[in-house]
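The values are calculated or read from the model by the stated rules, or taken from the named source; none is laboratory data. None of the values given here were measured: they were computed from a predicted structure. Backbone-built Cβ (ideal geometry, glycine too); neighbour counts: all protein chains shown. Quick note on the areas: whole protein, heavy atoms, side chains included, nothing else; ligands and nucleic acids left out. Shrake-Rupley method; radii C 1.70, N 1.55, O 1.52, S 1.80 Å.
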Amino acid sequence: MPAQVLSPTHGSHVIDACAAPGNKTTHLASIMKNTGKIFAFDLDAKRLGTMGGLTMKAGVMNTQLHNQDFLKTDPNDPKYKKVEYILVDPSCSGSGIVNRKDYLTENSGDETSKSKERIEALARFQLTILKHALKFPSVKRLVYSTCSVHVEENEEVVEKVLEQNTDFVLGKPLPSWAHRGVEGSKVGEYCLRASPEQDKTNGFFVALFERKVAEVKGQNTDNKATDSSELDIETGSPETVKGQNADNKATEPGIEKGSPETVKSQSTDSKATEPGIEKGIPETVQTSCDSELRSSQGQTGGRKKKKKRKLAESQGQNGNSKQTKLTEPTKTSTGNKKNKKLRKKMD
């Protein structure tokens with residue numbers, strides 16, 4: 001259950017604070033598809049050796065084994081800066097394991113007092129390791145689990161952790177699981193329990209700590225996972241929506257906003273692909289108008305020249321016709337004289 005509740009994403013960095021003998025670590029590697037990195041800590045060298053053999057047989061390739069006390073690790077060490085998921089399954093009384101024969105090693109006369117002292121000591125250790133785990137700056141999900149049925153090791157430890165770490169809240173692990181924490185506890189409904197009597201399993205306890213939403217948003221903003229404009233849109237900021245509309249209409253701002261200059265420039269020239277026209281630049285419009293004016297003036301001048309040529313030609317033709325008319329009478333009068341002479345000779 002603990003690895004399933006933690007549910008790290010593929011490629012993420014994870015810490016298993018009390019890893020040996022490695023069952024939960026192997027489950028984590030499976031969920032992550034052998035990607036990312038798992039830092040597995042255990043103080044017991046023999047148990048860690050057993051874990052090394054187990055992970056090797058399982059084909060785990062993304063785990064680093066550390067034979068050291070997790071409490072001695074530095075949360076601000078750069079190599080842990082990407083750790084977002086932590087699993088803490090610390091030493092506990094083991095009171096939930098069926099058929100454990102602890103009673104055979106204890107004297108019946110002072111069994112109660114020894115158990116109480118042991119449980120209190122374990123609870124202090126569990127609180128200490130949880131507080132240390134929550135100091136890792138990038139952690140956003142932490143699972144705390146025990147195989148104990150005692151409220152002192154479970155709900156009471158969780159309550160104390162929340163009182164001293166206000167940046168975190170409880171998530172609800174496996175919501176479909178019916179068996180929850182003890183009644184009367186402040187955190188009972190958010191915790192998961194299993195028991196031989198109710199669930200036909202060993203006694204077990206799971207709690208899920210999650211960084212508060214406000215903290216996660218701030219971290220995402222730093223990591224540029226979401227920007228301020230997106231957050232403003234979500235909250236319905238009029239300025240942001242207006243800005244977004246303006247950006248969406250950035251192709252033709254003057255026309256979209258009803259700018260008279262831009263509309264005028266666009267109507268002057270039907271070529272909307274020219275950047276000057278789209279932006280409504282006065283110089284470009286003036287240049288376009290000047291070129292059209294020169295073109296129209298040139299055409300007018302050509303027409304005048306053609307008219308002048310036609311007028312000159314027509315005047316030339318008129319001149320020739322006048323000359324012909326003037327000479328014709330002369331030719332006629334000369335012919336008449338010759339005719340008169342011929343008549344006289346004939347006479």
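Odds and ends about this structure:
- Restricting attention to the range 13-36, the residues that are over 20 Å from His132 (Cα atoms), outside any helix (DSSP H, G or I) and under 26 Å from the mean Cα position of the chain (by Cα) add up to 5.
- Subset of the range 53-80 that is of a type in the set (D, E, K, R) and assigned to a helix (DSSP H, G or I) - its residue that is nearest to Pro137 (Cα to Cα): Lys79
- Yes/no for Ala225 being modelled with pLDDT of 95 or more and within 24 Å of Leu28 (Cβ to Cβ): no
Condition check ((1) of a type in the set (Lys, Arg); (2) under 22 Å from Ile38 (Cβ atoms); (3) out of contact with any Pro (no Cβ under 8 Å at 6 or more places or on another chain); (4) modelled with pLDDT under 95) across all residues:
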position	(1), (2), (3), (4)
Glu84	no, yes, no, no
Val88	no, yes, yes, no
Ala121	no, no, yes, no
Glu153	no, no, yes, no
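- Among the residues making up the range 5-37, those that are in contact with a strand residue (DSSP E or B) (Cβ under 9 Å, 6 or more places away or on another chain), under 20 Å from Val206 (Cα atoms) and open to solvent by 50 Å² or more (accessible area, probe 1.4 Å) are Ser7, Thr9, Lys24.
- Inclusion of Val157 among residues that are within 10 Å of Phe209 (Cα to Cα), over 31 Å from the mean Cα position of the chain (by Cα) and in a helix (DSSP H, G or I) is not warranted.
- As a summary of the residue check, Leu162 satisfies the conditions (1) closer than 21 Å to Lys131 by Cβ; (2) touching a Cys at 6+ places or on another chain (Cβ under 7 Å) except for the one numbered (2).
- Number of the exception - Thr50 against (1) of a type in the set (Val, Ile, Thr); (2) in a loop (DSSP other than H, G, I, E, B); (3) surrounded by fewer than 20 Cβ atoms within 10 Å (Cβ to Cβ): (2)
- Ala40 vs. criteria without any contact (Cβ under 8 Å) to a residue 60 or more places away in the chain, hydrophobic (A, V, I, L, M, F, W, C) and open to solvent by 30 Å² or more (accessible area, probe 1.4 Å): no
- Selection from the range 188-203 of residues that are part of a loop (DSSP other than H, G, I, E, B) and surrounded by 19 or more Cβ atoms within 10 Å (Cβ to Cβ): Cys191, Gly203
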